[in-house]
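Heads up: the structure comes next, in structure tokens.
Any read-out appearing in this document is the output of simple, stated calculations on the displayed coordinates, not a laboratory observation. It should be emphasised that the depicted structure is a prediction, and the values quoted were computed from it without experimental measurement. FYI the Cβ positions are ideal-geometry reconstructions off the backbone, even for glycines, and counts take in every protein chain you see.
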Ligand code: ACO
């Protein structure tokens, strides 16, 4: 990170988010399944989640988040030549949700594609976009996390249906010259991992090739909890090792918003002060790939995340997949 060779770095120009209008509170859920606001709050910190309207698809949520991010960046859709969408709930088996968002934005140049890493989708998409931009092949990227998990939830299963919600978030990245210093703006380092042996612990029991159905989300909650707290810290430590930075150097920690207890335990394990945690999980539940950009959009809009701040993103999800991205905002 100390080289003086001119290079390209991916700088954040804007972020945006969108949540469907309809909310579903814990009290309302308690009328559908045998649960309570107290149980959900105590175990997860979730208060309410948003549910997409009938006919409102993942690409529609993603388009709205993308437009908000473009406005925040002061750019037009035409300025974008790369769109990567992290999603596990695409509108269709194909074409990709990214191409549908591309068309909705009126973009006919460049390239758009989906990336599937479940809850880690946004962090994987940031890492992928960053590599494209750093190579010089593309100039400005829209990185989107968009999901409608309400469509793959078994609404009779209280152990999973209380946890998830719908939403979308987006970030605009631009390739800019950099001397490579850690004080310069942009994505400083990214670290991705996966281990496919864990399918049974968190999966959807349907798919085009296996069952020709969409299927429902199934989860061994305790196992997922243990894995999340046990492993996500590895990729955060990798980011520190690659840059020579430490937990104390961070201004903000923006973890995957799955569960308040996982967030707090991960921060504690990493020695990150509680006041540096950005948590929005109480407002939207686990929105999978949308959760990190939703949290970023809230904290950027309310003035917490400011230019020059050091921001650590991390996520863990089905696969398992997990990853981190360290950004000088
Ligand atoms: N309401 C009331 N009671 C419930 C509910 C509910 N919604 N769900 C389960 N229970 C009951 C169980 O049946 C059990 O009852 P029993 O003791 O009579 O058998 C009791 O509550 C305790 O259940 P546990 O599963 O042991 O509860 P736990 O403390 O492990 O909390 C939870 C469950 C919240 C799912 C937790 O394991 C968790 O957060 N896991 C991580 C899951 C997650 O975040 N997944 C997201 C996808 S992956 C990712 O994004 C990282």
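If I fit a long axis through the Cα atoms of helix 291-301 and take the longest principal axis of the Cα atoms of the chain, what angle between them do I get, 0 to 90°, rounded to 10?
60
Give me the number: length gained by fully extending residue 131 to residue 71, i.e. 0.36 nm times residue separation minus the C-alpha to C-alpha distance, one decimal in nm.
19.2 nm
Where does each of 95-107, 27-39 land if you order them by average Cβ count within 10 Å, highest first?
95-107, 27-39
If the convex hull of the alpha-carbon atoms of the stretch 118-224 is projected onto planes in all directions, what is the mean projected area in square nanometres?
One quarter of the hull surface, i.e. the mean projection, equals 9.3 nm².
So how many Å³ per residue does the convex hull of the Cα atoms of the stretch 186-328 work out to?
Dividing the Cα hull volume of the stretch 186-328 by its residue count gives 119 Å³.
Just to verify a number: FRET efficiency for residue 157 and residue 307, C-beta to C-beta distance, R0 = 41 Å, to 0.05?
Working from the Cβ atoms, E equals 0.40.
Could you tell me the center-to-center distance, by alpha carbons, between the stretch 119-160 and the stretch 208-243 in angstrom?
So the separation of the two Cα centres works out to 14 Å.
For the chain, state the semi-axes of the equivalent ellipsoid (square roots of 5 times the eigenvalues of the alpha-carbon gyration tensor), sorted largest first and rounded to whole angstrom.
Taking √(5λ) for each Cα gyration eigenvalue gives 29, 23, 18 Å.
Using a basic spin-label model with each label point 7 Å from the Cα along Cα→Cβ, how many nm lie between residue 22 and residue 197?
Between residue 22 and residue 197, the label points sit 4.2 nm apart.
Can you compute the helix-only [θ] at 222 nm over the chain? Use -39500 (n - 2.57) per DSSP H run of at least 4 residues, normalise by all residues, nearest 500 deg cm²/dmol.
That comes out to -9500 deg cm²/dmol.
Report the label-to-label distance for residue 212 and residue 269 in nanometres (one decimal), using points 7 Å from each Cα along the Cα→Cβ vector.
With each label point 7 Å from Cα toward Cβ, the separation is 4.3 nm.
Sorted by mean Cβ packing within 10 Å, highest first, what order do the peptides 254-260, 289-295 take?
Ranking, from highest mean packing down: 289-295, 254-260.
Would you list the P(r) distribution for the stretch 7-178, with all Cα-Cα distances sorted into 10 Å bins from 0 and each bin expressed as a whole %?
Bins of 10 Å from zero give 11, 37, 29, 16, 7, 1 percent of pairs.
Can you pull the one-decimal nm distance between simple spin-label points at residue 39 and residue 56, each 7 Å off the Cα toward Cβ?
Output for this residue pair reads 2.7 nm.
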